[in-house]
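What follows is one structure encoded as C-alpha cells, with my remarks underneath.
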Amino acid sequence: MALPYASSLTFGMAESNFVPRATSHVILDLDGTLLNTDAITNEVLKVFIMRYGKEWDSRKAHRIVGRTPAEAAAIIVEDYELSCTLEEFISQITPMFFDQWCNIKPLPGSNRLIKHLTSHGIPMALASNSPKSNIEEKISFHEGWKEAFSVIVGGDEVNMGKPSPEIFVEAAKRLNVDPSTCLVVEDSLPGVTAGKEAGMLVVAVPSIPKQGGLYNSADEVINSLLDLHLEKWGLPPFDDWVEDTLPIEPCYIGGPVVKGFGRGSKILGIPTANLPAENFSSVLSEHTSGVYFGWAGLSSQGIFKMVMSIGWNPYFDNAEKTVEPWLLHDFGEDFYGEELRLAIVGYIRPEANFPTLESLIARIHEDGRIAERALDLPIYAGYKDSPYLKISCNEVITGRPV
Ligand code: ADP
Ligand code: RBF
Ligand code: MG
C-alpha cells in the first residue's frame with residue numbers, strides 16, 4: 001500500500017520519541033472521538049443558558065470537553081453564574097440532551113474505522129465518562145455499532161472517571177488483555193491522560209481546533225480519524241486508499257464567489273475561490289479540516305477539476321476556518337460574484353504547517369497533481385455529472401432548487 005501521507009507533516013508528533021509497539025485491541029472514546037457530540041452540546045447549552053438570561057460562548061466550550069456530566073455541569077453553573085443549584089441544572093438539562101441524541105452525527109472516519117476493525121476481527125471496547133445507559137442509547141442510532149463493541153465501560157461503572165485510568169484499566173480487564181496491548185483513541189486531554197496512566201498506547205484526535213500542541217503525552221496526535229494509520233500500531237491497515245486519495249461520502253456546497261484574504265494569487269500564485277462561510281456553516285463544523293478534492297461547477301463556464309483546503313491554513317494561522325477551492329483550469333480572469341458549486345468526493349491529507357512558503361506552494365501543486373489524476377478514476381469521475389453542479393444562470397437568478 002502506498003503510504004498516503006508522510007507522517008512528518010502530522011502536527012504535534014514527536015518523531016524522535018516515536019516507538020511503535022504492536023497492539024491487538026482497540027479502546028475508543030465515544031463523544032468527540034466517534035460522535036460529533038459537540039455540535040449538539042453547544043446547541044442544547046445555548047438554549048438552556050438563554051432561559052437564565054445568559055449568552056452561551058462557544059469559545060468556552062473546550063472547558064467541558066472530556067469531563068464527566070457532573071463536572072461539566074459544575075463548570076457551567078459557576079462560569080455563567082446561573083441562578084440554579086447543580087441538581088436543578090442536571091435535572092433540567094438531561095431531558096434536553098436525551099431528545100437530541102438521535103441527531104448526533106458520526107465524525108468523519110468513525111463508521112469506516114468501526115467497519116474495518118470489525119471485518120478484521122480486532123476486539124473493540126468503548127470507554128466513556130458517560131453513564132453506560134447513555135452510551136448504549138447514543139450508539140443505538142448507528143447501524144452496526146452496538147455489535148462492534150465486545151465491551152462497554154461507562155463512567156458510572158468505576159469510582160473515578162477520566163483522567164483517572166480506571167475506565168481504561170477496566171476495559172482491558174473485560175477484554176481479557178494486558179493494557180500494554182491496547183490502543184486508545186481519544187479526543188480529550190483527560191482521556192489521553194487516562195489512557196497513558198493505564199499503560200496504553202494513545203492516539204489523540206483533538207476535537208478543539210489548533211490545540212494539538214497540548215497533547216504532548218499522546219503517542220501520536222492526528223487531525224481526524226481519516227489520518228489514523230493502523231499499521232503503525234501493529235493493526236491491519238486500511239485498504240481503501242486509492243492512489244494517495246481516500247474516497248469520502250460526497251458533500252455538496254455552493255454559493256457566490258466572495259473576496260478572500262487576497263493572498264492566494266498574490267503570495268502563492270494559487271488563486272482560491274472563496275465561498276461565503278454562512279452558506280455552509282454545517283459543512284465547516286462537521287468536516288474536519290484537511291485537503292480535499294472534487295468537481296467544481298461555475299455557472300457560466302462549465303465543470304472543472306478542483307482541489308481545496310478546509311481549515312485554518314496553519315502556515316498563515318487564520319482565526320476563522322475557511323474553504324479554499326483551487327479550480328484546476330486557467331481562466332485568465334476573476335469570477336467574483338459568480339455561482340460556484342462544489343462536489344467534494346475525496347480526501348488527500350490533513351492541513352499542515354510548512355517551514356517555507358516555497359514548500360507550502362510545492363505541496364499544494366502536488367495536491368493538484370494528485371487530484372487531477374484521481375478524478376479520472378471511475379470512483380470519482382462519475383460525480384462530474386452531478387445535477388447539483390450543472391447550474392444555469394437562470395437557476396441562480398430565480399433561486400430555484402437544483
Ligand atoms: P481571494 O483572496 O479574494 O480569494 P485569490 O488571490 O485567492 O483572492 O484569488 C481568487 C479569485 O481568483 C477567485 O475568486 C476567482 O475570481 C479568481 N480565479 C481565477 N482563476 C481561478 C482558479 N483557477 N481557481 C480559483 N479561483 C480563480
Ligand atoms: N495552507 C496551509 O497553511 N497548509 C496547508 O497544508 C495548505 N494546503 C492547501 C492545499 C490546497 C489544495 C490549497 C488550494 C490550499 C492550501 N492551503 C494550505 C491554503 C492556502 O494557505 C490558502 O489557499 C491561502 O492562504 C489563500 O488564502
Ligand atoms: Mg482565495
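The values are calculated or read from the model by the stated rules, or taken from the named source; none is laboratory data. Just so it is clear, the model here is predicted, and its values are computed rather than measured. Cβ: placed from backbone, ideal geometry, glycine included. Neighbour counts: every protein chain shown. Note: accessible area is taken over every heavy atom of the protein model, side chains too, but ligands, DNA and RNA are not part of it. Shrake-Rupley method; radii C 1.70, N 1.55, O 1.52, S 1.80 Å.
Among (1) open to solvent by 50 Å² or more (accessible area, probe 1.4 Å); (2) over 24 Å from the mean Cα position of the chain (by Cα), where does residue 74 come up short?
Every listed condition holds for residue 74 apart from (1).
Taking the criterion of being part of a loop (DSSP other than H, G, I, E, B) and within 12 Å of ligand 2 (Cβ to nearest atom), would at least one residue in segment 343-351 satisfy it?
Step one: list which residues in segment 343-351 are part of a loop (DSSP other than H, G, I, E, B), which gives 350-351.
This time we only want the ones that are within 12 Å of ligand 2 (Cβ to nearest atom), so: 350-351.
Yes.
Taking the conditions exactly as written (open to solvent by 30 Å² or more (accessible area, probe 1.4 Å) and near ligand 1 (Cβ under 10 Å from one of its atoms)), does residue 269 satisfy them or not?
yes
Can you confirm whether residue 47 is open to solvent by less than 70 Å² (accessible area, probe 1.4 Å), of a type in the set (A, V, I, L, M, F, W, C) and over 24 Å from residue 162 (Cα atoms)? Give the derivation first.
Numbers: open to solvent by less than 70 Å² (accessible area, probe 1.4 Å): yes; of a type in the set (A, V, I, L, M, F, W, C): yes; over 24 Å from residue 162 (Cα atoms): yes.
Criteria met by residue 47.
Whether any residue in segment 196-217 is over 21 Å from the mean Cα position of the chain (by Cα) and assigned to a helix (DSSP H, G or I) is what I want to check.
yes
Filter segment 306-340 down to the residues that are modelled with pLDDT under 95 and under 13 Å from residue 251 (Cβ atoms), then identify the one that is nearest to ligand 1 (Cβ to nearest atom).
Ranking the qualifying residues of segment 306-340, first place goes to 323.
Select from segment 264-305 the residues that are modelled with pLDDT of 85 or more, within 15 Å of ligand 2 (Cβ to nearest atom) and assigned to a loop (DSSP other than H, G, I, E, B) and list them in ascending order.
The answer is 269, 270, 271, 272, 273, 275, 289.
Can you list residue pairs whose Cβ atoms sit under 8 Å apart, with the first residue in segment 372-388 being more than 16 Å from residue 242 (Cα to Cα) and the second being among the hydroxyl-bearing types (Ser, Thr, Tyr) and surrounded by 13 or more Cβ atoms within 10 Å (Cβ to Cβ)? Count only pairs 6 or more apart in sequence or on different chains.
If the second residue must be among the hydroxyl-bearing types (Ser, Thr, Tyr) and surrounded by 13 or more Cβ atoms within 10 Å (Cβ to Cβ), the pairs left are 386/252; 388/252.
For (1) modelled with pLDDT under 95; (2) closer than 16 Å to residue 24 by Cβ; (3) polar (S, T, N, Q), each residue gets a yes or a no:
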site	(1), (2), (3)
168	no, yes, no
176	no, yes, yes
185	no, yes, no
188	yes, no, yes
193	no, no, yes
197	no, no, no
200	no, yes, no
218	no, no, no
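Being open to solvent by less than 20 Å² (accessible area, probe 1.4 Å), aliphatic (A, V, I, L, M) and within 16 Å of ligand 1 (Cβ to nearest atom) narrows it down to one residue among 291, 258; which is it? Outline the logic, then answer.
Details: 258 fails: open to solvent by less than 20 Å² (accessible area, probe 1.4 Å).
Going through 291, 258 in turn, the sole match is 291.
All but one of (1) touching a residue at least 40 places away in the same chain (Cβ under 8 Å); (2) closer than 25 Å to residue 211 by Cα; (3) not in a loop (DSSP other than H, G, I, E, B) hold for residue 315; state the number of the condition that does not hold.
(3)
For segment 234-242, indicate whether the set of residues that are among the aromatic types (Phe, Trp, Tyr) and in a helix (DSSP H, G or I) is non-empty. Break it down into steps so the answer makes sense when it comes.
Pass one, segment 234-242, residues among the aromatic types (Phe, Trp, Tyr): 238, 241.
Now narrow it down to the ones that are in a helix (DSSP H, G or I): none.
No.
So which residues in segment 308-329 are within 13 Å of ligand 3 (Cβ to nearest atom) and either polar (S, T, N, Q) or closer than 18 Å to residue 357 by Cβ (or both), if there are any at all?
The answer is 309, 313, 316, 318, 322, 324, 326.
Does segment 171-184 hold any residues that are buried (at least 24 other Cβ atoms within 10 Å of the Cβ) and either of a type in the set (Val, Ile, Thr) or assigned to a strand (DSSP E or B) (or both), and which are they?
Within segment 171-184, 182, 183, 184 meet the criteria.
Check every one of the helices (runs of 4 or more DSSP H) wholly within segment 85-166 and list those with 1 or more residues that are β-branched (Val, Ile, Thr) and open to solvent by 20 Å² or more (accessible area, probe 1.4 Å).
Those helices (runs of 4 or more DSSP H) span 86-100, 110-119.
Only one of these is within 16 Å of ligand 3 (Cβ to nearest atom) and in a helix (DSSP H, G or I): 360, 340. Name it. Break it down stepwise before answering.
On the way: 340 fails: in a helix (DSSP H, G or I).
Answer to the check: 360.
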